[in-house]
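Here's the structure, in C-alpha cells; my notes come after.
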Amino acid sequence: MSTAKVIVITSGKGGVGKTTTTANLGMALASMGEKVALLDADIGLRNLDLVLGLENRIVYDIVDVVEGRCKLRQAVIKDKRLQNLGLLPAAQTRDKNAVTPEQMIKLVADLQEEGYTFILIDCPAGIEQGFKNATAGANQAIVVTNPEVSSVRDADRIVGLLEAQDIEEPMLIVNRLRPKMVKNNEMLGVDDVQEVLGNSVKLLGVVPDDETIITSTNKGEPASMIEGSKAGQAYRNIARRLRGEEVPFMNLEEDTGFFGKLKKFFVAG
Amino acid sequence: MSGEIAVKGWRNGLLLVLPSEGPWPEVITGLEGKLEEAKTKTFWQGAQTTLDLGDRPVSEPELEELIGRLKGDYGLVPMAIVAAYAPTREGASKLGLTIHDKLPALEKTEKVEKAEQPEAPQFPPNNALYLRQTIRSGQRLQHDGHLVISGDVNAGAEIVAAGDIVVFGTLRGVAHAGSAGDEGARIIATNLRPTQIRIASLIARSPDAGAPPLSKSPEIASIKDGEIHISPL
C-alpha cells in the first residue's frame with residue numbers, strides 16, 4: 001500500500017473557496033512533480049471541473065465508478081496542461097446519497113493503488129451526508145475559512161466534527177484576506193481566527209483576496225499557474241508546505257509608498 | 001399506596017413511584033402509559049430520575065431492562081432507587097445506582113415551598129466532570145454535577161451542568177449552571193465572554209455591540225437579588 005496523502009478540503013460554510021483551493025493546490029502540486037488526483041465529492045453541484053476547464057472532457061463520473069459502470073481509470077480525466085494531474089468528477093444528475101462513506105474509502109484506496117501521491121477531496125458545504133462521504137477516506141484535512149465571523153463559526157464546527165474522526169490535526173487556510181482592512185480593524189485578522197480555533201489547528205497558509213482568482217476561475221485556469229498573482233503565489237507556497245518544505249509566510253502588506261518603506265526600514269533596523 | 005404508579009416532578013428531576021404489588025409486566029405497561037401521558041407536558045430530557053420500588057422484589061435483569069428503557073425511550077438519567085428488598089438493592093448497586101432505604105429527606109438549609117413538588121433526593125453533591133478539551137460550535141455538553149473545562153468553550157457551543165461551571169479558558173458559548181434549579185450555582189471563567197449565561201431559570205445575555213469591552217481577567221457569574229451578576233473573581 002502506498003502512502004499517499006489523502007487530504008479533504010472542507011469548510012462547513014459554502015462559498016469560502018474550497019473548490020478554488022482544491023484546484024489551485026492540485027495544479028501547484030502537480031507542477032512540482034507530484035502525481036495528484038482531485039476528487040470532486042460535491043455530487044449534484046459539480047464545479048471542480050469548471051474551475052479546471054475540464055468540463056467538456058467528462059464521460060464518466062464518481063457515481064459511475066461506484067456503481068460499476070466503468071473502471072476507475074476510465075473516469076479519471078487527465079488535465080490538459082499537466083499529465084500527472086487527474087480529476088475524478090462528481091455526478092451532476094445525482095445527489096449526496098448516491099455514494100456511501102464505505103464506497104469512498106474503497107475509491108480512495110483504489111486511487112492510491114494507481115500511484116497517486118496526493119489525493120485532494122473537494123468537500124461539499126454542510127455537515128451532512130456529503131461531508132461524511134468526503135471525510136471518510138481522508139487522512140488529513142484542510143479547513144478553509146474567510147476572515148469573517150460566520151465562516152469562522154462554521155470552521156469551528158467542522159474542526160469539532162473532524163476531531164471526532166480518525167483524521168490528523170486539521171490544517172487551516174485563511175482565504176480572501178484583505179490586509180488593509182485588517183490593519184484598519186475592519187476585518188478579522190489571521191490571529192483572530194486562530195484565537196477562536198485554537199492551537200490544535202495548524203495554520204497552513206493565508207491567501208489574499210485577489211481579483212485574478214475571479215478571472216482565472218471563470219477561464220478555467222487556476223491562479224497558481226499565473227505568474228504575478230499574489231493568490232497564486234500563496235497557493236504555491238501552501239503546496240510546498242504540504243510537500244514538507246518550510247516556507248516563510250508571505251508579506252501581504254501592500255506597498256505603502258516611500259514613507260511606508262522608510263518606516264519598515266527603521267522598524268527592521 | 002401499593003396500587004399507585006406515580007410520576008412526580010422533583011427539584012432535582014423526576015421521581016417514579018412503582019407499586020409494591022401486582023405483576024411486573026403490568027407495572028411496566030402502567031408506567032409507560034404514565035410516562036407517555038406526562039411526556040407531552042414535561043420537558044425532562046436528561047432529568048435525574050429516582051425510582052421508588054418500595055419493598056417490591058425486582059430481579060437484576062428486570063431492573064436493568066427498565067433502566068435501559070428509561071434511558072433509551074425517554075432520555076431520563078436514572079440515578080437512584082429506593083428499595084427495601086435486599087436482592088433488589090444488590091442488583092441496583094451492580095447497575096451503578098445510588099440506593100436509599102426510604103425516600104431521603106430534603107436538605108435542611110433549602111426551603112422549597114411548592115405543594116406539587118415533593119422533596120428532592122440527595123444526589124452526590126460533589127460530583128464533578130473535568131475535561132481538557134475545546135468545546136466547539138455545535139457541541140453540547142451536559143453533566144449532572146459540576147463541570148470543569150480546561151480549554152475554550154467556543155461560540156455556538158452549549159454547556160449545561162446541574163452544579164457549577166468552571167472554564168479555564170475563554171467562555172464564548174452558552175453556559176447553563178444549576179440546570180436542575182440550583183440558584184446557588186455559579187459560572188466562573190478566566191475569560192468570560194459568553195453569548196448567554198443561564199443560572200437555574202434565569203438568563204442573561206452579553207451586551208449588544210457598543211457596550212464597553214468585557215474584562216480579560218477572571219470573572220464569576222452568580223445570582224444576587226434575583227438577577228445574574230458578574231463580578232471579578
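Are any residues in region A:216-232 part of a loop (DSSP other than H, G, I, E, B) and touching a residue at least 40 places away in the same chain (Cβ under 8 Å), and if so, which ones? Break it down stepwise before answering.
First pass over region A:216-232, keeping only residues part of a loop (DSSP other than H, G, I, E, B): A:220-222, A:226-229.
Residues satisfying the conditions are A:Gly220, A:Glu221, A:Pro222.
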Cross-chain or 6+ apart pairs with Cβ under 7 Å, region B:11-31 first and within 15 Å of B:Pro78 (Cα to Cα), then among the hydroxyl-bearing types (Ser, Thr, Tyr) and not in a helix (DSSP H, G or I): B:Gly13/B:Thr49; B:Leu14/B:Thr49; B:Leu15/B:Thr50; B:Leu16/B:Thr49
Residues of region B:131-179 classified as within 14 Å of another protein chain (Cβ to nearest Cβ), of a type in the set (S, T, N, Q) and either over 19 Å from the mean Cα position of the chain (by Cα) or assigned to a strand (DSSP E or B) (or both), total: 6
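Does A:Ile213 satisfy the condition of being closer than 21 Å to A:Lys5 by Cβ, assigned to a helix (DSSP H, G or I) and in contact (Cβ under 8 Å) with a residue 40 or more places away in the chain?
Working: closer than 21 Å to A:Lys5 by Cβ: no; assigned to a helix (DSSP H, G or I): yes; in contact (Cβ under 8 Å) with a residue 40 or more places away in the chain: yes.
Answer is no for this residue.
Is it fair to say B:Ala204 is part of a loop (DSSP other than H, G, I, E, B) and either more than 14 Å from chain A (Cβ to nearest Cβ) or buried (at least 18 other Cβ atoms within 10 Å of the Cβ) (or both)?
On the way: part of a loop (DSSP other than H, G, I, E, B): no; either more than 14 Å from chain A (Cβ to nearest Cβ) or buried (at least 18 other Cβ atoms within 10 Å of the Cβ) (or both): yes.
Spelling it out, it is not the case that B:Ala204 is part of a loop (DSSP other than H, G, I, E, B) and either more than 14 Å from chain A (Cβ to nearest Cβ) or buried (at least 18 other Cβ atoms within 10 Å of the Cβ) (or both).
Residue under question is B:Ser201, and the condition is that it be out of contact with any strand residue (DSSP E or B) (no Cβ under 7 Å at 6 or more places or on another chain) and either at pLDDT below 95 or on the phi > 0 side of the Ramachandran plot (or both); does it hold?
On the way: out of contact with any strand residue (DSSP E or B) (no Cβ under 7 Å at 6 or more places or on another chain): yes; either at pLDDT below 95 or on the phi > 0 side of the Ramachandran plot (or both): yes.
In short, yes.
Working only within region B:128-154, note down all residues that are within 21 Å of B:Pro78 (Cα to Cα) and surrounded by 19 or more Cβ atoms within 10 Å (Cβ to Cβ). Spell out the reasoning first.
Residues of region B:128-154 that are within 21 Å of B:Pro78 (Cα to Cα), as a first pass: B:128-129, B:140-147.
Within region B:128-154, B:Leu141, B:His143, B:Asp144, B:His146, B:Leu147 qualify.
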Which listed residue is crowded, with 24+ Cβ neighbours inside 10 Å, within 19 Å of A:Ala75 (Cβ to Cβ), among the hydrophobic types (A, V, I, L, M, F, W, C) and modelled with pLDDT of 95 or more, from A:Ala37, A:Ala28: A:Ala37
Test set (1) in contact with a Leu (Cβ under 9 Å, 6 or more places away or on another chain); (2) crowded, with 24+ Cβ neighbours inside 10 Å; (3) closer than 30 Å to A:Asn97 by Cβ - A:Thr217 fails condition number: (2)
Qualifying positions in region A:199-209 - touching a residue at least 24 places away in the same chain (Cβ under 8 Å) and not in a strand (DSSP E or B): A:Ser200, A:Val201, A:Asp209
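The values are calculated or read from the model by the stated rules, or taken from the named source; none is laboratory data. These numbers were taken from a predicted model, which means no experiment stands behind them. Using ideal geometry, Cβ is built from the backbone for each residue, glycine included, and neighbour counts are taken over all protein chains shown.
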